[in-house]
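Worksheet for the structure shown next.
The values are calculated or read from the model by the stated rules, or taken from the named source; none is laboratory data. Fair warning: this is a prediction, and the values are worked out from it, not measured in the lab. Reconstructed Cβ throughout: ideal geometry from the backbone, glycine too, with neighbour counts over all protein chains shown. The protein model used for the area step is the full one, side chains on, heavy atoms only, and it has no ligands, DNA or RNA in it. Shrake-Rupley method; radii C 1.70, N 1.55, O 1.52, S 1.80 Å.
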Amino acid sequence: MDAVIEGGFTDRVLGAQSVFRATMDALARPGTVQSIASDAAPPAPLTQELGALALTLCDQDTLVWLDPVLASSEAVTGWLAFHCGAPLTADPSQAQFALVTEARHLPKLDVLGQGTDEYPDRSTTVVLAAAAGTQRVTLKGPGIKNRLDTELPLPGGDFLAQWADNRERFPRGIDILIVRDGALVALPRTTRISEA
């Protein structure tokens, strides 16, 4: 029970404001690394970064999809219910947020909520805890001056092809927030990603 009621922000307002600001900065400048230093301490396997973003972005009106690892943890689902009040859904196409512990648990991007042309904001935002490896890529698009050559911990496989399809659906499509080691990188749906 202690794991459920403990582990939120020490100062809920300041903690949420700090993480929200970092998230907005990351979305405004795709591919740049933003610090999300946080004192959130969610139960494993929910990482500190995933927990901090859940505390900041999710509430009782936010449908959340959890990957199978998170969904099977009573401590995690109890913690999210207590601290965020966010209802959970088993259907990723209905979720406003998807919390994912590893890239291998990330659903195909086209099965997540895409929004509509009239309401593109009704799409899913994925919050992905990244693995240790990185991939050298070039980013272009809004918020990037000319181009950005960088290394990002992107999912492998056919992710870049899925991302290209996702971008083609604009204004519909999903956005991704990648978190690791107290840091956040955002990939809005408008960002072009190619191998460097």
query = What does the convex hull of the Cα atoms come to per residue for the chain, in Å³?
reply = 105 Å³
task = Using a 1.4 angstrom probe, figure out how much accessible area the chain has per residue, in square angstrom, rounded to the nearest whole.
result = 48 Å²
message = At a threshold of 8 angstrom on Cα-Cα distance, excluding pairs fewer than six apart, so keeping six or more, what relative contact order does region 47-152 reach in percent?
response = 23 percent
query = Which of the listed residues, Gly78, Leu112, Gly51, is farthest toward the dipole's positive end in the chain, when Lys, Arg count +1 and Asp, Glu count -1 at the beta-carbon?
reply = Leu112
query = About its Cα centre, how strong a charge dipole does the chain have in debye, to the nearest 20, once Lys and Arg get +1 and Asp and Glu get -1 at the Cβ?
reply = 740 debye
ask   = Which residue fluctuates the most in the chain, going by a Gaussian network model with Cα springs under 10 Å, if the choices are Ala183, Ala95, Ala130?
value = Ala183
ask   = If you roll a 1.4 Å probe over region 2-88 with all protein chains in place, what percent of the accessible area is carbon or sulfur?
value = 56 percent
request  = Quick one: dipole size for region 18-125, taken about the Cα centre, charges +1 on Lys/Arg Cβ and -1 on Asp/Glu Cβ, in debye to the nearest 20.
outcome  = 220 debye
inquiry  = Positive end of the dipole of the chain, charges at C-beta (+1 Lys, Arg; -1 Asp, Glu), about the Cα centre: which of Pro87, Gly141, Thr124 has its Cα farthest in that direction?
reply    = Gly141
